[in-house]
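Visitor: Quick one: structure below, then a few questions.
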Amino acid sequence: MDAVVGKFGIGQPVRRVEDQRFITGKGRFVDDVTLPQQAYGVLVMSPHGHATIKSINTKAALAAEGVLCILTAKDLADEKIGMLIPAMPEDFGAPKGYRASRPLLAADRARCVGDRIAFVVAETEELARSAAELVEVDYAPLPAVVTVEQAVAKDAQKIYDDNPGNIAFIMAMGNKEKTDEVFAKAKHVVKLKINNNRVSANSIETRAANADYAAESDSFTLYTTSQNPHGTRSQIAGQVFKIPETRLRVISPDVGGGFGMKGSVYPEDALVMVASRRISRPVKWTSTRAEALLGDAHGRDQVVTGELAFDDSGKILGIRAHSMHAVGSHVTAAAFAISMFSVKLLSGVYDIPAGFIFAQAVLTNTSPMAPYRGAGRPEATYLVERLIERAAVILKMDPIALRMKNFVPKSKMPYTNTSGIVYDSGDFAHVTQECLKLADYDGFKKRRAESKKNGKLRGWGLAYFVEEAAIFNDRMDLRFDPSGQVTILAGTHSHGQGHATVYAQMVSEWLGVPFENIRFIQGDTNEVPMGRGTYGSRSMMVGGNALKNAADQIVEKAKPMAARMLEAAAGDLEFKDGKFKVVGTDKAIELTNVAKAFYAPMFLPKDVGVGLESAGTFAAEPPCYPNGCHTCEIEIDTQTGVIALVRYTAVDDVGKVMNHLLAEGQVHGGIAQGMGQALMEHIVYDNSGQLLSGSFMDYAMPRAEDIPDLGGEFAEVPSTTNPLGVKGCGEAGATGAPPAIMAALLDALKPYGIEEFDMPATPQRVWAALNKASVKAA
Amino acid sequence: MKPAAFAYAKAHSIEHAVELLGKHDGEARLLAGGQSLIASLNMRLASPPMLVDINDIAGLDRIDMTDGHVLIGAMARHADVERSSIIAKHAPLISRAMPHIAHAAIRNRGTIGGSLAYADPAAELPACMVALGAKLEIAGLQGRRVVAAEDFFKGMFETALGPNDMLVAVHVPAATAQTRVGFEELARRHGDYAIVGLAAAAQVAGAKLSDVRLVYFSVGDAPVRARGAESAIAAGDIDGAAAALSKDLLPTADLESSAEVKLHLAGVLLRRVVRQLQEARA
């Protein structure tokens, strides 16, 4: 037993048990589910960024071959179908905003390119597509407001007629008076306006939904690509159909990447249900890649002006900022989280006496926003880290020394930041030192000289981030079966993270049951009693600790049974390595055998129910604060502007690590996404709201060869907010990489006098900046 | 499946394929590797009534040496051309260009004939064929004919192929001991459509280059020979060649790059490629 625990125990780099299935094409994703009598739906999307819908004529489409039904807003109104209603800051005590709920189909106004207008259902997908081309929509285009600055401009076009100014909601945190006072007296004030570019998650699996209505029970089964099946059930049952949740089963089987984009309900999830009920056949919808770029929720898109106040010695006295976050055409369920995390983490890892941020969430004629890997945390980090880099230039200080001087010292933990958030733990100075060592910072000058010899500019960049990970409570169940094997029923949802592996490792170690016999179930509201899914780096802290709680309960429940079987007093038993032992004797019994006894068909002790199972709970109250130091080096070919990321080293404090391989994978994937945002990825609309980056020929994602070998390690500073000492690791890379890469870029461009640069730093823009600077110099 | 409905026929010979094309008034399309055609069908940018599949025509994928020429059959997959020792030895420019053509998965399916017949102005192979002075063999209802690469590419997605024609093979003059080639491409990421690219060939005589052919791609509707620069290079005047590009090329802006940027990058590539031409043959 010891050997088993050793190999598969906590912390071991166990390879994902899911991989065999995924790599050999045996995964079961939503689009793999095809039901008897399957029908197929296709969306008619608005080709206009903003337009009045004068009429919709479905006559020709309805007459087309194979068409089974066509839904428009009028049909939905007739069936009293509700809208998707977002949570708003006002629900948590903030000032009232404009709750721009999303109808499943637009009735009289299209508010973004890709807005859903009609849903065409036919015998096959091809026939549905052909018929969708025959739906005649008469649009009267309206002026569009595409950027947040256009949307808040005086007399801007209104996206909702009863909401002049186009603000969805506002948020503020910190102490304005105190902060303004500090700034008035400060020796130096450093100010920056930056644009955090709009990006798209582009999960490898595009979204899909398949609904099957059962008339005999007036109930639905919905297969959907969701990060949060129980939440999807609540929202669709409660808001859209207004039915008890017992009448809706949501299944999210294998899901191929989410990144927050699959965290909330989309119109299609409910449209397939309406259509299935109407035609009494299952209806499937699968997004094409083009539809995904048009119709998926996007991320980031923030314009922010920030300032740091310093005294003479380089000590930060205050921080203040005004941010505007685009929310797009409608407010999605968790859109408020983006603004919330960006205001909470304003002051980053720095010990700043005063701070204030005012944030506006702004409606625009673009695809709606959802949390995207980090959701506001990367935006907050990007602002404060860019400000620090700028300050180092203005104050003529070394940026690392400037950070060291201002880090929250370990001795001040727990530390309350300017927004009132309490960081429980962290050793920022130490982690930075470790990272500098691993990155061979001392060798940078030599490497820069080498690059120069080859005609290239080399730059060094560092960023330090802290984020708030984990939210809400959750539940994890453990259930033994009559053969003594155990199943994990997870309230969290793995869509690439590898939960089936890491949770089994943990249970194997805690309960001493063989790793390979542990079954893992997730993503089905009929199987999993309750759950809240996975987002916000919550699974290990909330799910992991709930699982520990469940395992502890199993031991407690099993102990009296073991005592009876060993003919000993429960108080004399200890549980170790999967066995109950009578202390001081060699009498012992394995938990798996005790579990079997719970399934005896007769003669169970009167105080014992049939079966051994437990429901563990844990709440992220308070959450945890993963943090880390990311450094990188880039090389620029001055003749072409081509940028290469040549070195990258990260030391992440993600608390106690449960599986190094999976945790590293999380960091690596996050860095790739952060690198994508910094150097390539950009969703671009023209002034009429047309999407210009509508395919992978125009929207560039990083590829393996664009990423250097990633160096680094974990600094395991245990979190004090949970028994396992874990911190979330999912969002670290996407948060640390953009400011680190942009710091390196600005460092490389320093000889040219280039002081500011917005993401993405494409070769074309870098070359243009270099050219302009050289021309100026000449 | 995403395309609109279409009919499908499998051709068993070149003549059969041409005959099938003729039956559909030029509306039918040939299906080779499908790497561009299927995407445009899926996006419903094209909806031909019939696809004529030429994948099973025997011998259409051969790569051979004949009479001082390298013959590459229209159905030769990029991946096979990339790995061919005949190509490496006798048409090294094509070998150099191959890794820039999209990605391994696309090269496994995509064909040389498909790429040439499609005539994407950002594609590598049309420029290579012009640089090498290749001849393209075409089968039509009236029989076979041969067209020089320079006359074959007419414009954006436009070639000398008529609606009932099929590109059968390409004949590339084999490299000699005096042949020098160069290839450079700038793309947003490796494998993406080129921002600017340059395929070049020349003959070396002592320290001088002659018969210099500099063919740019992704700077116009079709491969563009930079004739002013070619003469300057033959005269050993690299700066003059770079200056000549502003007359040789008339690039148009795209979403990412202005015309000025493209012209500048063309100059950068020119110097890099000329350096390759001057290197001794390995």
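The values are calculated or read from the model by the stated rules, or taken from the named source; none is laboratory data. The model shown is predicted, which means the values in this text are computed figures rather than measured ones. Every residue, glycine among them, receives a Cβ derived from its backbone with ideal geometry; neighbour counts consider all protein chains shown.
Visitor: Contact list please: Cβ distance under 6 Å, first residue in the range A:1-28 and closer than 24 Å to A:ALA209 by Cα, second residue modelled with pLDDT under 95 and part of a helix (DSSP H, G or I), pairs at least six apart or on different chains.
Guide: A:GLY27/A:ARG21
Visitor: Can you name the residue in the range B:147-200 that is without any contact (Cβ under 8 Å) to a residue 40 or more places away in the chain, surrounded by fewer than 24 Cβ atoms within 10 Å (Cβ to Cβ) and touching a strand residue (DSSP E or B) at 6+ places or on another chain (Cβ under 6 Å) and, of all such residues, is farthest from B:HIS103 (Cα to Cα)?
Guide: Out of the qualifying residues, it is B:GLN178.
Visitor: Of all residues being in a loop (DSSP other than H, G, I, E, B) and either β-branched (Val, Ile, Thr) or within 14 Å of chain B (Cβ to nearest Cβ) (or both) in the range A:239-289, which is nearest to A:GLY730 (Cα to Cα)? Just the residue, please. Break it down stepwise before answering.
Guide: Within the range A:239-289, the first condition is being in a loop (DSSP other than H, G, I, E, B), and the residues that meet it are A:242-244, A:252-253, A:255-266, A:280-282, A:287-288.
Okay, now just the ones that are also either β-branched (Val, Ile, Thr) or within 14 Å of chain B (Cβ to nearest Cβ) (or both), so A:243, A:255, A:265, A:287-288.
On the way: A:ILE243: 35, A:VAL255: 16, A:VAL265: 22, A:SER287: 26, A:THR288: 27 Å.
Residue satisfying both the conditions and the ranking: A:VAL255.
Visitor: Next question. Say whether the condition of being assigned to a loop (DSSP other than H, G, I, E, B) and β-branched (Val, Ile, Thr) is met by at least one residue in the range A:379-389.
Guide: To start, the set of residues in the range A:379-389 that are assigned to a loop (DSSP other than H, G, I, E, B) comprises none.
Taking every residue of the range A:379-389 in turn, none turns out to be assigned to a loop (DSSP other than H, G, I, E, B) and β-branched (Val, Ile, Thr).
Visitor: Can you tell me which residue is surrounded by the most Cβ atoms within 10 Å (Cβ to Cβ) among those in the range B:1-39 that are within 14 Å of chain A (Cβ to nearest Cβ) and part of a helix (DSSP H, G or I)?
Guide: Among them, the one singled out is B:ILE38.
Visitor: Let me ask something additional. Of the residues B:LEU136, B:LEU125, which single one is among the aliphatic types (A, V, I, L, M) and part of a strand (DSSP E or B)?
Guide: Numbers: B:LEU125 fails: part of a strand (DSSP E or B).
Just one listed residue meets the conditions, B:LEU136.
Visitor: Now a separate question. For the range A:110-127, give me the residue count where each residue is away from every other protein chain (no Cβ under 14 Å) and surrounded by fewer than 19 Cβ atoms within 10 Å (Cβ to Cβ).
Guide: Of the residues in that region, 0 qualify.
Visitor: Another question, if that's okay. Would you tally the residues in the range B:223-248 being among the aliphatic types (A, V, I, L, M), part of a loop (DSSP other than H, G, I, E, B) and either free of Cβ contacts under 8 Å to residues at least 12 places away in the same chain or more than 23 Å from B:ARG180 (Cα to Cα) (or both)? Outline the logic, then answer.
Guide: From the range B:223-248, those among the aliphatic types (A, V, I, L, M) are B:224, B:226, B:229, B:232-235, B:238, B:241-245; that's our starting set.
From the residues that got through so far, the ones that are part of a loop (DSSP other than H, G, I, E, B) too are B:226, B:235.
Remaining after also requiring either free of Cβ contacts under 8 Å to residues at least 12 places away in the same chain or more than 23 Å from B:ARG180 (Cα to Cα) (or both): B:235.
Count: 1.
Visitor: A follow-up question, please. Name the residues in the range A:128-166 that are crowded, with 22+ Cβ neighbours inside 10 Å and within 14 Å of chain B (Cβ to nearest Cβ), would you?
Guide: The answer is A:ALA128, A:SER130, A:ALA131, A:ALA132.
Visitor: Could you please find all residues in the range A:46-72 being within 24 Å of A:ALA110 (Cα to Cα) and surrounded by fewer than 19 Cβ atoms within 10 Å (Cβ to Cβ)? Before you say what the answer is, go through the steps one by one.
Guide: In the first step, residues of the range A:46-72 are kept if they are within 24 Å of A:ALA110 (Cα to Cα); the result is A:46-62, A:69-72.
Passing the criteria: A:PRO47, A:THR52, A:LYS54, A:SER55, A:ASN57, A:LYS59, A:ALA60, A:LEU62.
Visitor: Is there any pair with a first residue in the range A:155-175 that is closer than 15 Å to A:VAL331 by Cα and a second that is among the charged types (D, E, K, R) and outside any strand (DSSP E or B) whose Cβ atoms are under 6 Å apart and which are 6 or more apart or on different chains, and what are they?
Guide: A:ILE159/A:ARG111
Visitor: Taking the range B:44-60 as the search range and keeping residues that are without any contact (Cβ under 8 Å) to a residue 24 or more places away in the chain and closer than 18 Å to B:TYR118 by Cβ, which one is farthest from the other protein chains (Cβ to nearest Cβ)?
Guide: Restricting to residues being without any contact (Cβ under 8 Å) to a residue 24 or more places away in the chain and closer than 18 Å to B:TYR118 by Cβ, the top hit is B:ALA46.
Visitor: Follow-up question, since we're still on this one. For the range A:739-761, indicate whether the set of residues that are within 12 Å of chain B (Cβ to nearest Cβ) and either within 30 Å of A:TYR441 (Cα to Cα) or surrounded by fewer than 21 Cβ atoms within 10 Å (Cβ to Cβ) (or both) is non-empty. Let's see the steps before the verdict.
Guide: Of all residues in the range A:739-761, those within 12 Å of chain B (Cβ to nearest Cβ) come to A:760.
Among the residues that remain, those that are also either within 30 Å of A:TYR441 (Cα to Cα) or surrounded by fewer than 21 Cβ atoms within 10 Å (Cβ to Cβ) (or both) are: A:760.
Within the range A:739-761 (the criterion being within 12 Å of chain B (Cβ to nearest Cβ) and either within 30 Å of A:TYR441 (Cα to Cα) or surrounded by fewer than 21 Cβ atoms within 10 Å (Cβ to Cβ) (or both)), the answer is yes, since at least one residue qualifies.
Visitor: For the range A:215-226, does any single residue satisfy the condition of being outside any loop (DSSP other than H, G, I, E, B), among the polar types (S, T, N, Q), more than 25 Å from A:ARG538 (Cα to Cα) and without any contact (Cβ under 8 Å) to a residue 40 or more places away in the chain?
Guide: Let us first name the residues in the range A:215-226 that are outside any loop (DSSP other than H, G, I, E, B), namely A:219-224.
Add one more test, that the residue is among the polar types (S, T, N, Q), and what stays is A:219, A:221, A:224.
Going one step further and asking which of them are more than 25 Å from A:ARG538 (Cα to Cα), we end up with A:219, A:221.
Applying the additional criterion that residues be without any contact (Cβ under 8 Å) to a residue 40 or more places away in the chain yields A:219, A:221.
Yes; the residues of the range A:215-226 include at least one that is outside any loop (DSSP other than H, G, I, E, B), among the polar types (S, T, N, Q), more than 25 Å from A:ARG538 (Cα to Cα) and without any contact (Cβ under 8 Å) to a residue 40 or more places away in the chain.
Visitor: Tally the residues that are over 24 Å from A:ALA704 (Cβ atoms) and in a strand (DSSP E or B), restricting the search to the range A:616-659.
Guide: Summing the residues that are over 24 Å from A:ALA704 (Cβ atoms) and in a strand (DSSP E or B) in the range A:616-659 gives 9.
Visitor: If we keep just the residues of the range A:635-659 that are within 12 Å of chain B (Cβ to nearest Cβ) and of a type outside the set (A, V, I, L, M, F, W, C), which is farthest from the chain's Cα centre (by Cα)?
Guide: The residue in question is A:GLN639.
Visitor: Residue by residue through the range A:76-91, note down the ones that are in contact (Cβ under 8 Å) with a residue 40 or more places away in the chain and either within 29 Å of the chain's Cα centre (by Cα) or crowded, with 19+ Cβ neighbours inside 10 Å (or both). So that I can check it myself, show each step before the final result.
Guide: Going through the range A:76-91, the residues in contact (Cβ under 8 Å) with a residue 40 or more places away in the chain turn out to be A:76, A:79-90.
Hits for the range A:76-91 are A:LEU76, A:ILE81, A:GLY82, A:MET83, A:LEU84, A:ILE85, A:PRO86, A:ALA87, A:MET88, A:PRO89, A:GLU90.
Visitor: Can I ask one more? Could you look through the range A:660-717, keep only residues that are over 18 Å from the mean Cα position of the chain (by Cα) and in a helix (DSSP H, G or I), and pick out the one that is surrounded by the fewest Cβ atoms within 10 Å (Cβ to Cβ)?
Guide: Once the filter is applied, the top-ranked residue is A:ALA704.
Visitor: Let me ask another. Restricted to the range B:61-82, and to residues that are touching a residue at least 12 places away in the same chain (Cβ under 8 Å) and assigned to a loop (DSSP other than H, G, I, E, B), which residue is surrounded by the most Cβ atoms within 10 Å (Cβ to Cβ)?
Guide: Step by step, filter the range B:61-82, then rank; the result is B:ALA74.
Visitor: Let me ask something else about it. May I ask you to say which residue of B:LEU198, B:LEU245, B:LEU255 is among the aliphatic types (A, V, I, L, M), within 14 Å of chain A (Cβ to nearest Cβ), under 23 Å from A:PRO763 (Cα atoms) and out of contact with any Phe, Trp or Tyr (no Cβ under 7 Å at 6 or more places or on another chain)?
Guide: Just one listed residue meets the conditions, B:LEU255.
Visitor: Same structure, new question: Check the range A:329-348 and report whether any residue there is of a type in the set (Phe, Trp, Tyr) and in contact with a helix residue (DSSP H, G or I) (Cβ under 7 Å, 6 or more places away or on another chain).
Guide: Keep residues of the range A:329-348 that are of a type in the set (Phe, Trp, Tyr), which gives A:336, A:341.
Within this subset, residues satisfying the condition of being in contact with a helix residue (DSSP H, G or I) (Cβ under 7 Å, 6 or more places away or on another chain) are A:336, A:341.
Yes, the range A:329-348 contains a residue that is of a type in the set (Phe, Trp, Tyr) and in contact with a helix residue (DSSP H, G or I) (Cβ under 7 Å, 6 or more places away or on another chain).
Visitor: Just the residues that are assigned to a helix (DSSP H, G or I) and within 27 Å of the chain's Cα centre (by Cα), please, taken from the range A:390-429. Don't jump to the end; show me each part of the working.
Guide: The first filter runs over the range A:390-429 and keeps only residues assigned to a helix (DSSP H, G or I), leaving A:390-394, A:399-406, A:410-412, A:428-429.
The one that is assigned to a helix (DSSP H, G or I) and within 27 Å of the chain's Cα centre (by Cα): A:PHE428.
Visitor: OK, next. Which of the residues that make up the range A:662-682 are more than 14 Å from chain B (Cβ to nearest Cβ) and among the acidic types (Asp, Glu)?
Guide: The answer is A:GLU664, and nothing else.
Visitor: Output the number of the condition that B:ARG225 fails; it satisfies all remaining conditions of (1) within 14 Å of another protein chain (Cβ to nearest Cβ); (2) of a type outside the set (Gly, Ala, Ser); (3) under 15 Å from the mean Cα position of the chain (by Cα).
Guide: Evaluating B:ARG225 over (1) within 14 Å of another protein chain (Cβ to nearest Cβ); (2) of a type outside the set (Gly, Ala, Ser); (3) under 15 Å from the mean Cα position of the chain (by Cα) leaves (1) as the failure.
Visitor: Go through (1) surrounded by fewer than 16 Cβ atoms within 10 Å (Cβ to Cβ); (2) away from chain B (no Cβ under 14 Å); (3) not charged (D, E, K, R) one by one and return the number of the condition A:ALA620 breaks.
Guide: (1)
Visitor: So, in the range A:488-514, how many residues would count as being farther than 21 Å from A:ALA470 by Cα and aromatic (Phe, Trp, Tyr)?
Guide: Qualifying residue count for the region: 1.
Visitor: I'd like the full set of residues that are among the hydrophobic types (A, V, I, L, M, F, W, C) and not in a helix (DSSP H, G or I), limited to the range A:120-144. Give the steps one after another, and end with the answer.
Guide: Kept after step one, since they are among the hydrophobic types (A, V, I, L, M, F, W, C), are these residues of the range A:120-144: A:120-122, A:127-128, A:131-132, A:134-135, A:137, A:140, A:142, A:144.
Within the range A:120-144, A:VAL120, A:VAL121, A:ALA122, A:LEU134, A:VAL135, A:VAL137, A:ALA140, A:LEU142, A:ALA144 qualify.
Visitor: Kindly evaluate B:SER231 against the criterion of being within 14 Å of another protein chain (Cβ to nearest Cβ) and touching a Gly at 6+ places or on another chain (Cβ under 9 Å).
Guide: On the way: within 14 Å of another protein chain (Cβ to nearest Cβ): no; touching a Gly at 6+ places or on another chain (Cβ under 9 Å): yes.
Considered against the rule, which asks whether it is within 14 Å of another protein chain (Cβ to nearest Cβ) and touching a Gly at 6+ places or on another chain (Cβ under 9 Å), B:SER231 comes out as no.
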